[in-house]
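> Okay, handing you the structure first.
No value in this document is a laboratory result; all are computed from the given coordinates. Since the model is a prediction, treat every value here as computed from it, not as a measurement. All Cβ positions, even for glycine, are placed from backbone atoms using ideal geometry, and neighbour counts span all protein chains on display.
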């Protein structure tokens, strides 16, 4: 099969990372796969061996997801958005995919509705219609109005064959964050969590004995990092490493380095982060989907400080569920101080070592098998 995954990350890079994990699973199963990305380039993500198509990129203006900025950090013009739509349609016509997977849409990315609908309409009108699936994480941003949920449901019924829910239904069912009606329920296929293969030990044991501090691949986390710098000054016997992501990483690295004590390393986000977690003394991070799975796979003691700016609740809901496990603490952003952070780290470091959660991480492979069965059914 020829599989096309369409994704646009607007703030962090978690959506793209998950799409790439799915793509690698399809390729491993012998399928041809293309990833069409509409977000900003993310150099720290491994895109090798994946056919990658880049649309004219967009990002949000911070947590204002209705204000889109172009590659030059200007408000995206109608002409720029039209160029994206034309590029997306050209990619679909060039590849002629047997399967189209839209990451998050129509449950999110409604600001990009025009380009998605244009693509889905084109796909639906082809002589041999491709299988069309939505791909969504465990927890969504709940709809602010009932009308948004209804519109999403209508979109699913109009264009889609299935909705892949990358979660374990027993842990985080979709209805925990999104209204699931009798009309939507038949489309849902729970895949388990989409995680990359568990990392091996780091070849140089990088991260050993360190407190690893991260905030994903977006331009967030500056305030958290500064609280960490202050906490590190109070615990000079601990070794800390701050990994900074986003478009302005180098600038923030320089600023933090000038403020930090000698027991703190500050550097840009690293591709070997997951391997470093296996050796780390503890992790301090936000609670995005991919980071949470990295922590569970590594078994690292962790303090989650969920991203909640702009009324975001997704990471808080996830962190609340994970904080029930040993060696994991939830610290809300409004409560973060050097003192509260150190107290939370003392707590997780002294907790019994959490056994590595080895189940329900096969969501990528399970997604492939679901797609294969659905594609066979509609032949």
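> Kirkwood-based Rg over Rh for the range 210-350 (C-alpha set), two decimals?
0.92
> Just to verify a number: FRET efficiency for residue 147 and residue 121, C-beta to C-beta distance, R0 = 25 Å, to 0.05?
Approximately 0.70, to the nearest 0.05.
> Then there's this: Would the range 59-144 count as rounded, prolate or oblate if I go by the C-alpha gyration tensor, calling it rounded below 1.5 in a/c and otherwise prolate when a/b exceeds b/c, oblate otherwise?
Oblate shape, in that a/c is at least 1.5 and b/c is the bigger or equal ratio.
> I'd like the orientation of helix 289-298 relative to the chain: the angle between its Cα long axis and the longest Cα principal axis, in ° from 0 to 90, rounded to 10.
Helix 289-298 and the main axis of the chain meet at about 50 degrees.
> Between residue 89 and residue 54, what FRET efficiency follows from the Cβ-Cβ distance if R0 is 22 Å, with the result rounded to 0.05?
Here the calculated transfer efficiency is 0.90.
> Separate question: Express in whole angstrom the spacing between the alpha-carbon centres of the range 1-68 and the range 95-148.
14
> How many angstrom separate the Cα center of the range 209-255 from the Cα center of the range 279-319?
The two parts, judged by their Cα centres, are 15 Å apart.
> Hey, what angle do you get for helix 78-95 against the long axis of the chain, alpha-carbon based, 0 to 90 degrees rounded to 10?
Roughly 70 degrees between the two axes.
> Another question, then. Please compute the Kirkwood hydrodynamic radius of the range 96-252 from all pairs of different C-alpha atoms, in Å with one decimal.
In the range 96-252 this quantity evaluates to 19.1 Å.
> Taking the Cα atoms only, what angle lies between the long axis of helix 249-259 and the longest principal axis of the chain, rounded to 10 degrees?
10
> Indicate the gyration tensor shape class of the range 286-379 (rounded, prolate or oblate), computed on the Cα atoms with a ≥ b ≥ c the square roots of the eigenvalues: a/c under 1.5 is rounded; otherwise a/b larger than b/c is prolate and the rest oblate.
Cα axes put the range 286-379 in the oblate bin.
> Would you calculate a helix-derived [θ] at 222 nm for the chain, using -39,500 (n - 2.57) for each DSSP H run of n ≥ 4 and dividing by the full residue count, to the nearest 500?
One gets -11000 deg cm²/dmol as the mean residue ellipticity at 222 nm.
> At q = 0.07, 0.09, 0.13, 0.14 Å⁻¹, work out log10 I(q)/I(0) for the chain with the Debye formula, treating every Cα as an identical point scatterer and leaving solvent out; two decimals please.
With one equal scatterer per Cα and no solvent, log10 I(q)/I(0) is -0.31, -0.51, -1.07, -1.23.
> Run the numbers for residue 197 and residue 44: contour at 0.36 nm per residue of separation, minus the present Cα-Cα distance, in nm.
So the chain would gain 53.3 nm between residue 197 and residue 44.
> While we're on this one: Need one number: nm distance between label points at residue 154 and residue 79, each 7 Å from Cα along Cα→Cβ, rounded to one decimal.
Placing both labels 7 Å beyond Cα along the Cβ direction yields 3.3 nm.
> Separation between the residue 377 and residue 113 pseudo-spin-labels, each 7 Å from Cα along Cα→Cβ, expressed in nm?
2.8
> Given axes a ≥ b ≥ c from the Cα gyration tensor, I'd like to know whether the range 27-93 is rounded (a/c under 1.5), prolate (a/b larger than b/c) or oblate.
oblate
> A further question follows. Could you grab the relative contact order for the range 320-377? Cα pairs under 8 Å, six or more apart, rounded to a whole percent.
Normalised by residue count, the contact order of the range 320-377 is 34 percent.
> Once both labels are modelled 7 Å past Cα along the beta-carbon direction, what's the residue 369-residue 347 spacing in nm?
A separation of 3.8 nm, rounded to one decimal place.
> Neighbour counts of other C-beta atoms within 10 Å: give me 3, 313 arranged from fewest to most.
Listing 3, 313 from fewest to most nearby Cβ atoms yields 313, 3.
> GNM on the chain, C-alpha springs below 10 Å: top fluctuator among 44, 254, 202?
So, out of 44, 254, 202, the one fluctuating most is 254.
> Full extension from residue 355 to residue 324: what is 0.36 nm times the residue separation minus their Cα-Cα distance, to one decimal in nm?
Length gained between residue 355 and residue 324: 9.8 nm.
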